[in-house]
Amino acid sequence: MSISIGETMGHGLRANLPGTREEDCFSWNCDSLDAIKTELAAQEYLQSLIRRRRFDVDALVEVPLGVEPLAWLYEHMRQICVELGFYLTSLHSECTEQGCPVMRASETTYYCAGHGRPRPCSAMGYSIHTLDYAVRQLSSAASFPDRRQVAESSVKHFQSMVRRLYRVFAHAYFHHREVFERQESTTCLYARFVRLARRYELTPESLIIIPELPTTIGDPGFHV
Ligand SMILES: [Zn+2]
Ligand SMILES: [Zn+2]
């Protein structure tokens, strides 16, 4: 017996069953956090919000009722890491070992901390290793023992990963502007990242070196 999308929604099952057409994927609604009764409710709710309102960064960053602000930040950081993986896949076509043998944003060269001892890596190597490091941090029971109740003492981990991940965006902006703009116009990922960094004071303002984005990026009338 086959089960239609409508039936899966009717049974409260939020899953893309085998054979679901691409345009029908994720076609259930998560209008309220209360309606999602799973351990990962905040994650599901955030992903649902992003699918419907990707360019409404204010709405995405707003902390929903029933979620601790730092727990909402945690869910955002996990989601940003997921999306950054796709971002790097796109960047990889232009950012090569030969073209970008070291990690630079504007002038400064950054050493990669994704090794036993910091050392220079190509820009793409740095980006991948830094993303791996951030994912490991977020998955670490020592750094984040409970994703629904993140302690103030864990903020330093967010600060460290945001400072390093920022360089990935900055490298794309200063060295691969077309990729940066193409990505930003379809994902608004940097806008979300920097809004969170400012809201939670995760990085000094002096380290935010990408100028305010032009209005052509992140057109609020264009939804994906
Ligand atoms: Zn590069
Ligand atoms: Zn490295």
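The values are calculated or read from the model by the stated rules, or taken from the named source; none is laboratory data. Everything numeric in this text was worked out from a predicted model, so none of it was measured. Don't worry about glycine lacking a Cβ; one is built from the backbone with ideal geometry, like all the others, and counts go over all protein chains shown. Heads up: the accessible areas ignore ligands, DNA and RNA and are worked out on the full protein's heavy atoms, side chains in. Shrake-Rupley method; radii C 1.70, N 1.55, O 1.52, S 1.80 Å.
So what is the accessible area of region 71-207 per residue, in Å², with the probe set to 1.4 Å?
Accessible surface, normalised per residue, equals 47 Å².
Please work out whether region 85-143 counts as rounded, prolate or oblate from its C-alpha gyration tensor, where a ≥ b ≥ c are the square roots of the eigenvalues and a/c under 1.5 means rounded, while otherwise a/b larger than b/c means prolate and anything else oblate?
oblate
Using only the heavy atoms of the protein chains and a 1.4 Å probe, how would 92, 115, 176 rank by accessible area, largest first?
Putting 92, 115, 176 in descending order of accessible area: 92, 115, 176.
Keeping all protein chains in place and using 1.4 angstrom, which order do 186, 203 fall into by accessible surface area, from largest down?
The residues order as 186, 203, largest area first.
Does region 133-188 come out rounded, prolate or oblate, given a ≥ b ≥ c as the square roots of the eigenvalues of its C-alpha gyration tensor, rounded meaning a/c under 1.5 and, failing that, prolate meaning a/b above b/c?
It comes out prolate by the Cα gyration axes.
In a shell of Cβ-Cβ distance under 9 Å around residue 50, excluding residue 50 itself, what net charge do Lys and Arg (+1) and Asp and Glu (-1) give? Present the calculation step by step, with values, prior to reporting the outcome.
On the way: positive: 51, 52, 53, 54, 192; negative: 83.
Value of the local net charge: +4.
Two decimals is fine: what is log10 I(q)/I(0) at q = 0.15, 0.20 Å⁻¹ for region 71-207, from a Debye sum with one equal scatterer on every Cα and no solvent?
For region 71-207 at q = 0.15, 0.20 Å⁻¹, log10 I(q)/I(0) is -0.71, -1.26.
When all protein chains stay in place, what accessible area (Å², nearest 10, 1.4 Å probe) is found for residue 190?
10
Which order do 210, 128 take by accessible area at a 1.4 Å probe, largest first? Show your work: numbers first, answer last.
Details: 210 10, 128 75 Å².
Result of the area sort, largest leading: 128, 210.
Please report the carbon-and-sulfur percent of the accessible area for region 71-207; probe 1.4 Å, protein heavy atoms only, DNA, RNA and ligands left out.
Values: 3230 of 6460 Å².
Within region 71-207, the accessible surface is 50 percent carbon and sulfur.
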